[in-house]
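Everything below concerns the one structure shown next.
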Amino acid sequence: MIKLILISLSAASFTYSQNINSGVNVLHQKENIIKFADYLFCEKDYLRSANEYLRIDEGLRDEKINFKIALSFSTIGDYSTAKNIFRQINESSPYYGSSRLEIMKIFFLEERYHELGEYFRTGRNLNLSTENTSGEKLYSLSFLKDQQTIPAFENFVKAFDADEKNEVAALYQLKMNPPNKNPLIASVLSAIIPGAGKIYTGDIGDGIFTFLTTGVFTFLAYDNFKAEHNFRGWLFSGLAVMFYGGNIYGSFASAQIHNARIKYEFNLQLDSFIKLKNYFIPQYDFCK
Amino acid sequence: MLTFRKMLLILFILTNTCVLAQSNLQAQYDYASKQFNDEKYFDAITEFKRLLFFDSLKQYSFDANKYIAMSYKQGGKFTDAIKYFSLSELGTTNLDSIFDIKIEIVKINLLRRTIYRTFDLLNDLNEDILFKAKKDKITYWKGWAYIFNDDWEKASEEFAKLDINHELKIICDNVSEAQFSKTKAKVLSYILPGAGQFYTGNYISGILSLSWVALWSYIAVEAFLADRIFDGLMVANFLAFRFYNGNVQNAEKFADERNSELTNWGLNYLQNNYRGPKP
């Protein structure tokens, strides 16, 4: 009996010392690595999650793990690594269609719209109906980001569902007919009537102020010269010229700012629509 | 006898299973701590998170969360650090440990400049009867909060409560005395354009301000004297008054800039030369 107890104790102490000093800790074995990586993935700690999955030998990793590794890299913005891994996913894999969509999403985020189009077209004939529809939506919207020719309205909206069509149509119209202002027209207007260019670009208050100040200084310059107060005449002339020049330049800048704001707001609206739709990628059920 | 032997066998298996699980966690803790001590903070966080994930009995909850928080702090991820310090706090009932964790949270709030939150936390600690014996430490960190709030005078008052010759009090006094009063700079510039700039040591700017205001005021007055009231009003409004206003704003800006330089010098000095506890 004593022997048995002694054996038990020595075995226990041996195991303990083994675990501390060597790499045999069961927490670092394959099954536990996967469990821990899954946990990190669901906790949205993607870099650590990818690193953990990568600790598993390549030959022992299944397609699901590879897909999650790529997804982790994509989420943290390492698009190059993500694309490489997504591309390695086999055509027979259930994750193949999703990988294609993820690659298209990356092209979209990288603003490589031409490559997005080419990639979409190469997979058009594959038997991936859901993914092709989602891909086509993203491909269509990429036209609104790019400077290339935009397809006709009927072709553009045909991929979208009924509930998406209204918003997509509004975005399409905004892209085709943005309410821009011509900086040259604004400048010419301001050169003819000070402040008119600003009123044209929508800065009404600024336009009225410019008109009044330029007018008053011009009048004062004229009046002082007439009364032979030459110093004040030159002073007010200088101020009038300064305001007049500033008003022409300001109108040009105002039109440019107006156009930049229109473009920014359009992109913001488009991006939030696409994000809201999750880039037309169905939600995964890895963390249920 | 056979039954007894069976019991021993069960005991043997149970002991080994228990010790094995325990030793795995302990080994993991040691490994994670080593990563932390080697300043490999990213790996330390991973390994402590692994420990927490497999530690079903939450035996390492306090230490592991604390080390994760400290690693995040080292990496400048202050929000994550606060989250894990808070989790660490839940893993202990020891009052000293709880207090230390709360102070760590205060320190992180200082580093991320959420000063009002820092004061709230310190006031809560001050009012908590459980930490009645820790008043000095609370006062000490309140002093630091005032330093980060750029209020060196109040910081000095707090440190003086601990010791009238406290090293930090002396440093705070020095910075406080060297600082410029924004109000004084503005008032001086209101009375005599350019005087505020002279006060902050920006002499050229002071002379320019004085000259411009004098010139436009002279022209405005000259116009008024010549009964050209509208001319005078326009010069006064668009030129003299604008330069006068600009001169006051300029004086305030210079005082701000000089005070920022002094604050940065003070913080830099504390970071490199002060040996006591720092955020």
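Values in this text are rule-based calculations from the coordinates and carry no lab data. Every value quoted in this text rests on a predicted model; they were computed, and no experiment measured them. A quick note on method: Cβ atoms are made from the backbone with ideal geometry, for glycine too, and the neighbour counts reach across all protein chains shown.
General remarks:
- Counted without the sites themselves, the longest stretch of chain A free of GluC sites (Glu not before Pro) in a DSSP loop having at most 16 other beta carbon atoms within 10 Å is A:112-227.
- Compactness relative to 2.2 N^0.38 Å, alpha carbon Rg of the protein assembly as shown: 1.48
- Neighbour counting of Cβ atoms within 10 Å sorts the residues A:Met104, B:Met70, A:Met176, fewest neighbours leading, into A:Met176, B:Met70, A:Met104.
- Highest-fluctuation residue, B:Ile98, B:Ile219, B:Ile170 considered, GNM on chain B with Cα pairs under 10 Å: B:Ile219
- Cα gyration tensor, segment A:30-177 - rounded (a/c under 1.5), prolate or oblate: prolate
- Nearest 10 degrees, 0 to 90: helix B:95-111 Cα axis against chain B principal axis: 40 degrees
- Using alpha-carbon coordinates, inclination of helix A:63-75 to the longest axis of chain A, degrees: 30 degrees
- Computed over chain A with a Gaussian network model linking Cα atoms closer than 10 Å, the most mobile of A:Asn259, A:Asn177, A:Asn230 is A:Asn230.
- A Gaussian network model of chain A, with springs between Cα atoms under 10 Å, assigns the largest mean-square fluctuation among A:Ile56, A:Ile69, A:Ile192 to A:Ile192.
- Here A:Ser187, A:Ser237, B:Ser56 are placed in order of increasing Cβ neighbour count within 10 Å, fewest first, which gives B:Ser56, A:Ser237, A:Ser187.
- Selection from A:Ser272, A:Phe231, A:Gly195, by position along the positive dipole direction of segment A:183-273 (Cβ): A:Phe231
- Dipole check for segment B:182-269: with +1 at the C-beta of Lys and Arg, -1 at the C-beta of Asp and Glu, and the Cα centre as origin, the magnitude is about 200 Debye.
- Rounded if a/c under 1.5, otherwise prolate or oblate - segment B:205-247, Cα gyration tensor axes: oblate
- Remark: for residue pairs A:Lys64/A:Lys165; B:Lys107/B:Lys182; A:Lys44/A:Lys175; A:Lys44/B:Lys58, the C-alpha separation exceeds 31 Å in A:Lys64/A:Lys165; A:Lys44/A:Lys175.
- Note on A:232-239: average number of Cβ atoms from other chains within 10 Å of each residue's Cβ is 3.
- Proxy reagent accessibility, fewest Cβ within 10 Å first, across B:Arg275, B:Arg228, A:Arg100: B:Arg275, B:Arg228, A:Arg100
- Degrees, to the nearest 10: B:152-162 long Cα axis against longest axis of chain B: 40 degrees
- Around the Cα centre of segment B:24-151, unit charges on the Cβ atoms of Lys, Arg, Asp and Glu (plus for the first two, minus for the last two) sum to a dipole of about 160 debye.
- Evaluated with a Cβ-only charge set (Lys, Arg +1; Asp, Glu -1), the protein assembly as shown carries a dipole of roughly 920 debye about its Cα centre, given to the nearest 20.
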